[in-house]
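To start, the structure under review is shown below, and the notes come after it.
Every read-out reported here was derived from the displayed coordinates using simple, explicitly stated rules and does not represent laboratory data. These figures come from a predicted structure and were not determined experimentally. When we count neighbours, we look across all protein chains shown, and the Cβ atoms used for this are built from the backbone with ideal geometry, even at glycine.
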Amino acid sequence: MSPRTSAAAGAPEEAYTAEPFVPERGGLPALRRAAAECRGCPLHLNATQTVFGAGDADARVMLVGEQPGDQEDRQGKPFVGPAGRLLDRALAEAGIDPDETYVTNAVKHFKFTQAEPRKRRIHKAPSLREMTACGPWLAAELAVVEPELIVVLGATAGKALLGSSFRVGEVRGTVLEREIHGRPERLVPTVHPSSVLRAQDDEDRKAAYGGLVADLKVAARALG
Ligand code: URA
Ligand code: SF4
């Protein structure tokens, strides 16, 4: 029988959290400045910079994605790459004014794999631990912006806001009412715009894009 050392028993994993970095006052400018210095989980080590949310504090709609992609990591702004361009087009088609939106992500640093230095950086899904660590930033954004509606873009945003049992296929295109961080929120989940870009062929892509626009129209109607 092997002796049970404390290491073998497994010391609890150190919790990753952004909590100590989040300022209590100062609105979006203070949050953005502080988030630039966040060391709440290891994702800051390899990414270029924090990609905080963008938009006005009085925006009516908050759109929540997964995490910055390659372009977002380089430019420091959310949804400025291919997925963002597709999202803007779909929003316009659904009748949602991009100027009335606040756009952000569940996780604020780009997670990727790279075969060799200077090779293409390939997106890697954030873990539940990283999503949980970054949650205080999203909670702080919600508290400041107080949106009338949250558009949940895909599974990661859904899990971050609604818990790990979230399944986008079960609730997409419907208006959910949930208490989140002590506030009653209305949410419309839909697919992530990147999933439209990943479609196998033109026909699938058209169908996936049509589905995204249809869900965003539900959000537009809910806003009135
Ligand atoms: N995908 C996301 O989820 N967010 C971005 O900002 C860009 C791509
Ligand atoms: Fe902080 Fe979020 Fe970046 Fe992790 S991913 S270091 S919690 S901002």
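Overview of values
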read-out	value
Counted residues, segment 96-128 - those being loosely packed, with under 15 Cβ neighbours inside 10 Å, of a type outside the set (S, T, N, Q) and assigned to a loop (DSSP other than H, G, I, E, B)	9
Residue match in segment 165-175 (condition: more than 20 Å from the chain's Cα centre (by Cα) and part of a helix (DSSP H, G or I))	no
Single condition Ile180 does not satisfy, out of (1) surrounded by 17 or more Cβ atoms within 10 Å (Cβ to Cβ); (2) farther than 19 Å from Pro78 by Cα; (3) of a type in the set (Val, Ile, Thr)	(1)
Looking only at segment 129-148, and only at residues there that are more than 16 Å from ligand 1 (Cβ to nearest atom) and crowded, with 22+ Cβ neighbours inside 10 Å, the one that is nearest to Ala214 (Cα to Cα)	Pro147
Verdict on Thr156 being surrounded by 15 or more Cβ atoms within 10 Å (Cβ to Cβ), within 16 Å of ligand 1 (Cβ to nearest atom) and under 22 Å from Arg221 (Cα atoms)	no
Cβ-Cβ under 8 Å pairs, at least 6 apart or on other chains, segment 69-88 side near ligand 1 (Cβ under 8 Å from one of its atoms), far side of a type in the set (D, E, K, R)	Pro78/Glu72; Phe79/Glu72; Phe79/Asp88; Val80/Glu72; Gly81/Asp70; Gly81/Glu72; Gly84/Glu72
Subset tally (residues that are touching a Leu at 6+ places or on another chain (Cβ under 8 Å) and under 25 Å from Ala140 (Cβ atoms)) for segment 68-96	5
